[in-house]
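The values are calculated or read from the model by the stated rules, or taken from the named source; none is laboratory data. The structure presented is a predicted model; accordingly, all values stated were derived computationally and were not measured. Cβ placement follows ideal geometry from the backbone for every residue including glycine, while neighbour counts extend to all protein chains displayed.
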């Protein structure tokens with residue numbers, strides 16, 4: 001790992017030296033909760049199980065590979081993972097990084113409850129050859145339970161074997177674990193209770209899907225530092241790398257460089273999405289936090305605001321273009337770090353490195369990296385909206401603009417953008433069916449806003465982001481401008497036995513998050529894109545461009561960096 005921190009080098013080195021005097025590496029190895037003082041020790045102790053996972057998972061790795069071989073021997077060729085946030089993101093990263101090994105299963109991660117997304121998966125799979133992985137740490141996640149009930153009915157109606165086509169990954173004795181036993185699930189893989197969802201990449205939540213697609217979990221875990229060995233704590237070790245990165249993250253955020261902008265080479269382009277949720281949910285609370293920026297459209301480096309810290313991750317052989325861009329970024333005064341992965345299996349090392357870094361950065365920001373107090377507010381409001389979809393009292397708080405009402409929309413866009421302040425970031429929250437065409441369209445809107453306002457930008461699909469970056473949006477600093485995008489669902493689907501439809505569920509999630517954001521004093525604009533969301537995004541982009549030409553959206557308010 002190479003750092004080029006410019007004027008921030010001294011304060012980062014001072015932080016590392018301070019931690020060395022505290023014997024931090026060894027204290028992490030023995031899971032000493034006092035490092036996070038004054039957070040109550042029991043809260044920390046219950047979140048440190050990820051540190052010794054290399055040792056605790058070692059006896060189970062053959063179990064995972066044997067299970068994968070058994071499934072293949074029966075002719076199954078596809079796996080669909082039903083999950084949200086930390087329960088699904090590591091699997092998505094592994095799939096994007098490794099793909100499908102010959103003879104193994106293809107993986108689809110379904111973390112959307114938009115009926116169009118659910119329908120698409122249902123139409124693309126062959127139920128006779130599909131294994132469903134129901135992934136939920138708590139075993140109560142509403143979206144995951146709804147997806148389970150739908151595909152359970154699909155298998156029943158198709159005449160499939162039902163129970164033996166489902167596996168659960170969850171904590172011991174959760175409602176999901178009990179349901180899996182009642183329904184005769186093929187297998188239930190239990191995860192340690194002291195490993196939080198976003199720290200669970202190297203637990204069964206990541207390792208079971210890895211084995212199914214042909215990733216060798218033994219080789220993956222070989223790259224993870226062993227906190228039980230002396231050499232793990234030496235200078236230059238992988239643990240030391242994580243500590244140094246944590247010092248940089250924390251100290252630069254304290255110095256105003258709190259927009260962590262991650263660039264990745266093509267073969268490892270999935271990793272930043274996992275880092276995004278780890279950083280946002282672990283650090284975004286108590287009015288503090290670091291804002292992770294991933295997959296952002298490229299702009300001239302001298303247009304970036306002076307609140308960024310750039311971290312580049314490259315697979316060896318793909319580093320040239322990354323290094324060239326970092327060099328230009330450094331020239332205009334931004335601090336940078338570069339991480340080199342020798343091969344794809346270094347993903348195991350990077351999972352651990354970033355977990356250490358974020359846990360350490362939390363002590364600089366003085367927050368608990370293992371809780372997520374503001375995630376629950378949106379969950380509670382989602383359930384409340386589902387119970388009464390008319391939502392008479394709550395709906396008074398919701399103002400929605402429509403792309404067909406151009407005059408009102410233009411006025412709302414202008415007023416919303418006028419609230420922009422230096423140091424803000426823009427967040428596009430798309431409660432829409434995910435897909436490449438949709439993402440491309442949304443990235444166009446994102447680029448326009450980036451160029452117009454000069455601030456960092458993020459893009460997330462709902463309800464997935466509610467289980468990750470949603471914590472930062474509500475619990476972090478009030479520096480976000482939020483653009484919530486919804487559509488009119490014309491072809492809804494019921495959730496068997498649950499008393500609601502998928503359309504009602506995604507609508508309730510969007511409304512609940514809007515109300516939760518407003519309740520925290522956040523600046524939110526809610527826009528309905530109509531029945532054709534892709535067309536609606538195009539209309540929205542056209543109006544933003546028109547307003548820009550008319551000078552009704554401020555350009556570059558936050559100012560460029562120029563910190564030479």
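Residue count for the range 72-109 satisfying the condition of being modelled with pLDDT of 95 or more, over 19 Å from residue 188 (Cα atoms) and either assigned by TED's automatic domain parsing to the domain that holds residue 268 or buried (at least 24 other Cβ atoms within 10 Å of the Cβ) (or both): 3.
Only a single item in (1) modelled with pLDDT of 85 or more; (2) farther than 29 Å from residue 202 by Cα; (3) crowded, with 21+ Cβ neighbours inside 10 Å is not met by residue 361, and it is number (2). If you go through the range 132-150 and pick out every residue that is buried (at least 20 other Cβ atoms within 10 Å of the Cβ) and more than 24 Å from the chain's Cα centre (by Cα), you end up with 1. Scanning the range 289-302 turns up one or more residues that are over 21 Å from the mean Cα position of the chain (by Cα), buried (at least 18 other Cβ atoms within 10 Å of the Cβ) and modelled with pLDDT under 95. For the range 364-397, the candidate set comprises residues that are more than 17 Å from residue 463 (Cβ to Cβ) and touching a strand residue (DSSP E or B) at 6+ places or on another chain (Cβ under 7 Å); within that set, the residue that is modelled with the lowest pLDDT is 373.
Just one residue in the set 408, 430 is surrounded by fewer than 19 Cβ atoms within 10 Å (Cβ to Cβ), touching a strand residue (DSSP E or B) at 6+ places or on another chain (Cβ under 9 Å) and without any contact (Cβ under 8 Å) to a residue 60 or more places away in the chain; that residue is 408. Scan the range 68-81 residue by residue and report those that are part of a helix (DSSP H, G or I) and either on the phi > 0 side of the Ramachandran plot or in contact with a helix residue (DSSP H, G or I) (Cβ under 8 Å, 6 or more places away or on another chain) (or both). Listed by number, the residues that qualify are 68, 71. Regarding residue 449, is this residue farther than 30 Å from residue 87 by Cβ, buried (at least 16 other Cβ atoms within 10 Å of the Cβ), under 25 Å from the mean Cα position of the chain (by Cα) and in the same structural domain as residue 476 (by TED's automatic domain parsing)? Yes; evaluated as a whole, the condition is true for this residue. Counting only helices (runs of 4 or more DSSP H) that sit wholly inside the range 82-198, those with at least 3 residues that are touching a strand residue (DSSP E or B) at 6+ places or on another chain (Cβ under 6 Å) and in contact (Cβ under 8 Å) with a residue 40 or more places away in the chain are 89-98, 142-158.
Here is a yes/no grid of residues against (1) within 25 Å of the chain's Cα centre (by Cα); (2) touching a residue at least 60 places away in the same chain (Cβ under 8 Å):
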| residue | (1), (2) |
| --- | --- |
| 321 | no, no |
| 343 | yes, no |
| 346 | yes, yes |
| 373 | yes, yes |
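Go through the residues of the range 190-208 one by one and say whether even a single one is in contact with a helix residue (DSSP H, G or I) (Cβ under 9 Å, 6 or more places away or on another chain), surrounded by fewer than 20 Cβ atoms within 10 Å (Cβ to Cβ) and more than 24 Å from residue 275 (Cβ to Cβ). Checked against the condition, which is being in contact with a helix residue (DSSP H, G or I) (Cβ under 9 Å, 6 or more places away or on another chain), surrounded by fewer than 20 Cβ atoms within 10 Å (Cβ to Cβ) and more than 24 Å from residue 275 (Cβ to Cβ), the range 190-208 yields at least one hit.
A single member of 305, 240, 253, 244 is assigned to a loop (DSSP other than H, G, I, E, B), surrounded by 16 or more Cβ atoms within 10 Å (Cβ to Cβ) and out of contact with any strand residue (DSSP E or B) (no Cβ under 6 Å at 6 or more places or on another chain), and it is 305.
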